[in-house]
Amino acid sequence: MSITSSLPGKLGFGTAPLGNMFRAIPDEEAAATVQAAWDNGIRYFDTAPFYGAGLAEIRLGDVLADRPRDEYALSTKVGRIILDEVEDPASRDLGEKGGIFEHGRPNKIVPDYSADATIRSIEDSLKRLRTDRLDFVWVHDVAQDFYGDEWVAAYESARTGAFRVLQKLRDEGVIKGWGLGVNKVEPLEMTLDLDEPKPDGFLLAGRYTLLDHDRALQRLLPAAEAQDVDIVAGGPYSSGILAGGQHFEYQKAPAAIIDKVERIKSLAAQNGVSIKAAALQFSLAHPAVAATIPGATRPSRIAEDVAALNETVPAAFWEALRAEELIAPNAPVPTA
């Protein structure tokens with residue numbers, strides 16, 4: 001049930017920032033960034049209705065609409081319906097992610113993982129994306145960070161609703177694969193334990209990075225590899241802190257994380273390594289990881305990502321990280 005054969009390369013483009021995450025991005029800048037991704041050879045694009053209440057999908061669709069559909073892979077997510085009715089984006093209850101898209105569209109966002117909502121969500125996404133089909137569909141955010149103590153109830157709603165719809169669409173050949181798109185390890189472990197339905201892959205954001213990978217290494221990644229369920233590593237820069245930004249886990253980075261990043265940067269400088277190369281190549285080194293999808297809002301960042309993927313990172317750097325206990329002893333590292 002691997003999705004690797006359907007992914008056009010190890011490097012994709014995550015469009016959460018195009019939903020005006022953290023700041024209002026001009027339409028021209030957003031379009032130029034997608035164009036830069038295309039010009040740099042990126043052919044896998046991931047998006048979601050949640051990103052700016054449909055804004056990221058609209059912006060992505062505007063650029064890709066005149067590209068040959070067979071030349072790129074596209075994934076979006078289900079679990080939230082975007083209404084014509086408006087609300088105050090700053091007042092939304094988003095669990096740990098409050099305010100993340102307060103600069104997005106004001107359209108009301110309604111969580112709904114039922115079968116009917118899943119079909120509606122896909123139909124709405126196709127319109128916003130101006131396309132006739134999706135390659136992969138992820139069930140979005142059925143996890144603790146958005147639903148707190150109620151997350152298992154949200155998960156159960158998805159298991160009996162969205163999961164079954166997506167498996168049927170996959171079996172009918174309407175989509176190439178499905179899975180979950182989350183920021184937590186536990187929902188993915190639960191899904192791998194199910195007898196059915198069986199996912200094809202997972203989009204795991206922020207949990208297999210230089211800064212945070214211990215938990216995923218314990219059980220999730222070995223189990224995913226054993227079941228041939230590929231992982232797409234989202235957020236390889238940990239919300240930006242590993243790429244010169246100030247955010248970690250979509251909020252201002254705490255002092256302990258800033259200190260850890262500075263230690264990694266110091267070792268990177270000593271070994272002539274860019275921090276972006278270290279972050280991207282680490283996330284891709286595990287055999288269960290099929291691709292990584294950094295986001296960007298500036299065209300120049302895309303060329304940096306491509307260069308980081310191709311940069312030669314000396315073995316001494318990884319050895320230094322391990323010696324300083326900055327990465328787990330059992331974490332696979334790239335080999336030259």
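The values are calculated or read from the model by the stated rules, or taken from the named source; none is laboratory data. Please read all numbers here as calculations on a predicted model, not as lab measurements. Note that we place each Cβ from the backbone using ideal geometry, even for glycine, and neighbour counts take in every protein chain shown. Note: areas computed on protein heavy atoms with side chains; ligands, DNA, RNA excluded. Shrake-Rupley method; radii C 1.70, N 1.55, O 1.52, S 1.80 Å.
Go through the residues of the stretch 192-204 one by one and say whether even a single one is surrounded by fewer than 23 Cβ atoms within 10 Å (Cβ to Cβ), in a loop (DSSP other than H, G, I, E, B) and without any contact (Cβ under 8 Å) to a residue 24 or more places away in the chain. Yes, the stretch 192-204 contains at least one residue that is surrounded by fewer than 23 Cβ atoms within 10 Å (Cβ to Cβ), in a loop (DSSP other than H, G, I, E, B) and without any contact (Cβ under 8 Å) to a residue 24 or more places away in the chain.
Within the stretch 241-256, the set of residues being open to solvent by less than 20 Å² (accessible area, probe 1.4 Å) and under 15 Å from residue 308 (Cβ atoms) comprises 242 only. Just one of the listed residues (280, 284, 309) is under 24 Å from residue 44 (Cβ atoms), touching a helix residue (DSSP H, G or I) at 6+ places or on another chain (Cβ under 7 Å), modelled with pLDDT of 95 or more and open to solvent by 10 Å² or more (accessible area, probe 1.4 Å), and it is 309. Scoring residue 89 on the criteria (1) in contact (Cβ under 8 Å) with a residue 60 or more places away in the chain; (2) surrounded by 17 or more Cβ atoms within 10 Å (Cβ to Cβ) leaves a single failure, condition (1). For residue 316, indicate whether it is hydrophobic (A, V, I, L, M, F, W, C) and open to solvent by less than 30 Å² (accessible area, probe 1.4 Å). Taking the combined requirement at face value, the residue does not satisfy it.
Summed over the stretch 161-184, the residues that are touching a residue at least 24 places away in the same chain (Cβ under 8 Å), open to solvent by 20 Å² or more (accessible area, probe 1.4 Å) and not basic (Lys, Arg) give a count of 4.
Residues in the stretch 44-75 that are among the β-branched types (Val, Ile, Thr) and either on the phi > 0 side of the Ramachandran plot or out of contact with any Gly (no Cβ under 9 Å at 6 or more places or on another chain) (or both): 63 alone. Taken together, the criteria place residue 224 among residues that are aliphatic (A, V, I, L, M), assigned to a helix (DSSP H, G or I) and within 27 Å of residue 139 (Cβ to Cβ).
Output yes when any residue across the stretch 60-83 is within 26 Å of residue 162 (Cα to Cα), open to solvent by 30 Å² or more (accessible area, probe 1.4 Å) and in contact with a strand residue (DSSP E or B) (Cβ under 9 Å, 6 or more places away or on another chain), and no when none is. Scanning the stretch 60-83, I find at least one residue that is within 26 Å of residue 162 (Cα to Cα), open to solvent by 30 Å² or more (accessible area, probe 1.4 Å) and in contact with a strand residue (DSSP E or B) (Cβ under 9 Å, 6 or more places away or on another chain), so the answer is yes.
The single residue among 259, 228 that is touching a residue at least 60 places away in the same chain (Cβ under 8 Å) and open to solvent by 50 Å² or more (accessible area, probe 1.4 Å) turns out to be 228.
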